[in-house]
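Accompanying notes for the structure given below.
We did not get these values from a lab; they are worked out from the coordinates using the rules stated. None of the values given here were measured: they were computed from a predicted structure. Cβ: placed from backbone, ideal geometry, glycine included. Neighbour counts: every protein chain shown.
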Amino acid sequence: MFATLGRYVVRHPWQVILAWIVLAVAVVSLAPPLQSTSDEADFLPRHYESIKALEAQADAFPELADTEPAAIVVIDREDGAPLTAEDSAAVEALAEDLSAADIEHLADIRANPPSENGVVQTITAGLTEGTDPFDTTLTDSAKELREEAKDAVEGTDLRVGVTGSIAQNLDAEEAASGAEAAVGVATIGLIVVLLLIIFRSPIVALLPIVVITIISQVATGLISIANETFGLQADSSITVILIVVLFGIGTDYILFLMFRYRERLREGEEPKAAMVHAIERAGEAIASAGGAVIVAFLALVLSSLSIFRSIGPALAIAVAVTVVAALTLIPAVVSLLGTKVFWPSKAWKKEPKGARFAAVGDSLGRHPGRFALASGLLLAVLAVFAFGFKPSFDFSQMSLPDDAESMVASERMLEGYPAGATAPQTVLLRSTDGEPIAQTDLAPFAAQLGDAEGVAQVAEPIPNADGTAALFIVTLDDDPMSDAAMEHVEGPIRTAAHDGAPDGAEALVGGTTSIFVDLQDAMNRDYSVVFPVAALLIMVILAVLLRSLVAPLYLMASVGLGFGATLGATVLVFQVFKGEDGLIFMLPIYIYLFVVALGTDYNILMIARLREESRQGKSPHDAAAWAVRHAGPTIAAAGLILAGSFAALMLGGNPLLVSMGFAISFGILVAAFVMSMFFTPSLTALLGHTAWWPGHGDEARDGDTDELVEATPEELTQKE
């Protein structure tokens, strides 16, 4: 099949290139913009209590867009001293000026009393009735609010900062824009430099950049169409991740192809025939590796969280487009250029000595047990630290740099107000029989809530118009984002609310912390469903590819160890050495996405080469040695480029991208240089022919000898 594809692409390169150009233009012109969100409530299904509370509140109190202010203007003195009476009067005047400014979407702008210690005072702003809290134009409102507030205090002893949901979204948008630019430049620059070092040709170095830029437009457009068609919701980091996935994985697959192409040229094959052979041999590995990655990504549709149900298909689409391009567009372009693709270098004509990989391969072939034990032990030791993983569910703050205005303003606010004041929780008491709730039942319910562990205070209840519901604003003792707050909401606070509801009514606990509690429950469920299903599907792909039931078992075991080692190393660096309270709750899923999927990529490339060497009559030990010698440079180059691409995420400047960039780049290096380079070939050498049971794919078959493709240039270029 791949030989047929190769012959068609080589014979009709212009048809292939024109088809890609037409596809790109059509998709870009028809696709809607790629939308994203950073609101955790968007990610949860409706059966969770926090979402039920949110929907019930919207039904019972349609006039309240949100119980939490959309924006909070935090005012204190430049010198840190308590606010004077004149300062408080200036804050009152500022609130009136902001209200008079008639900022779009904002209403009920009012000054609140100073904090008990007099250090901080706030002005809160709600949303106008009917405004969607997730309207993307609210960031413009936040920007105008900031400008008006700063202009008003200019020349005084006061300083202002704006926080709240719309301000955080504005900061996240600006941070993501900066991160996208930084990551894009770093990723492209790294790819160009490494390819220049490997091939010594500016054409090869720039080829992936030009081609992947085209296919990225196709992939992004198809993702936008899919999101709009199926109502999927992506998180705010998806655009940055797509850059890395497309350029990183795309360059990997191009390397797989180009190394094979160069290898055949060095053996004296004519360029067009060499490309047909490269597609035939590398095509199976690229398609199988891409298939494993796509399956791993698509397994996320089983997630209970909409963020992963969206990210999975989005990344699967990106990889599918990349695979097709690697097997069609790249060969078409290279077949037109021929050996000029390597200009001005002549190094492609000479077989390098490959002393390092040859030495490593020979040593592994002689002592596979030592390599298996050493690499396996290293992975196992690092994996132990994975048990110390502490998830953080504050997606908004994890997505922001520490110096973002909303982050700084929140810190200043805590100097005067209790930690729980930054995000009060809501408890909705609603009638279950349609009858009004007796007003005499409200005070005892509020008192029971106030007695619950972790509650600082409960505000006066707010009944709705027909008396069938009442809203209680609850301030927590602890930071709403902390583990302690989550434990209190999940345990005593929900218990007190549920048990204290009067007859004929039910209580629902909502708010940010309640959402975090439900997110944690959803994540635990996903770990027990998504991971096993993905592992099973990847094993099926490996079994079909290798015609073996044994090899897939230890290949997936090695990938599992790589996952544990990656998470453990990240915990060690960020939680133990850097002392951070936790890591973003999505991190294990992202490690799974890239380390498991791409680790399988490299394993497939190594095991496919090992099988090829075995089919040429080599013993299991010799086959492992030669596989490391030939596939080692490809995997090393691909691993360095992909790891470097993901390491560029660390330039994003916020905790989410820094931890994600480290974890994924470290995991890819482990996958390339420990799992596929040492662990997989050494275990295969130790198992010998048993590794290929029952299909015995290591035995020579007709057509498996490494002969040149029997085709003349005229036969390859003639029309069908």
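I'd like the distance separating the alpha-carbon centroids of region 283-300 and region 92-142, in whole Å. Between the Cα centres of region 283-300 and region 92-142 lies a distance of 49 Å. Only helical DSSP H runs with n ≥ 4 go in: add -39500 (n - 2.57) per run for the chain, normalise by residue count and round the 222 nm mean residue ellipticity to 500 deg cm²/dmol. Calculated from helices alone, the mean residue ellipticity at 222 nm is -19500 deg cm²/dmol. Can you give me the C-alpha center-to-center distance between region 633-675 and region 490-526, rounded to a whole angstrom? Result: 39 Å between the Cα centres. Kirkwood hydrodynamic radius of the chain, from the reciprocal of the average inverse Cα-Cα distance over all distinct pairs: 28.2 Å.
If you take the beta carbon distance between ALA107 and GLN15 as r and set R0 to 56 Å, what does 1/(1 + (r/R0)^6) give as a FRET efficiency, to the nearest 0.05? Don't jump to the answer; show the numbers that get you there.
Working: r = 59 Å, r/R0 = 1.06.
Calculated transfer efficiency: 0.40.
Summing charges over all other residues whose Cβ lies under 14 Å from the Cβ of GLU154, with Lys and Arg as +1 and Asp and Glu as -1, gives -3.
All Cα-Cα distances of region 69-163, cut into 10 Å bins from zero to the largest, leave 17, 51, 25, 7, 0 percent in each bin in turn. Partners of LYS150 within straight-line reach, counting lysines whose Cα lies under 24 Å from its Cα and excluding those fewer than 8 residues away in the same chain: none found.
Decide, for region 392-459, between rounded, prolate and oblate: order the square roots of the alpha carbon gyration tensor eigenvalues as a ≥ b ≥ c, take rounded if a/c falls under 1.5, and otherwise choose prolate if a/b is larger than b/c, else oblate. Prolate, because a/c is 1.5 or more and a/b exceeds b/c. Computed from the Cβ-Cβ distance with R0 of 35 Å, the FRET efficiency linking VAL301 to ALA380 stands at 0.65. Amide H contacts of GLY510: THR426, VAL427, LEU428, each under 5 Å away and 5 or more positions distant or on a separate chain (H built 1.01 Å from N in the peptide plane; Pro and chain starts excluded). Net length available on complete extension from VAL28 to GLU55 is 6.1 nm, with 0.36 nm assigned per residue and the Cα-Cα distance removed. The distance linking region 187-205 with region 452-470 is 63 Å (Cα centroid to Cα centroid, whole angstrom). Structural descriptor for the chain: relative contact order 19 percent, calculated from alpha carbon pairs under 8 angstrom and at least 6 residues apart. Length gained on full extension, THR4 to GLU116, computed as 0.36 nm times the residue gap minus the Cα-Cα distance: 32.5 nm. Beta bridges from DSSP with both residues in the chain: antiparallel share about 90 percent, rounded to the nearest 5.
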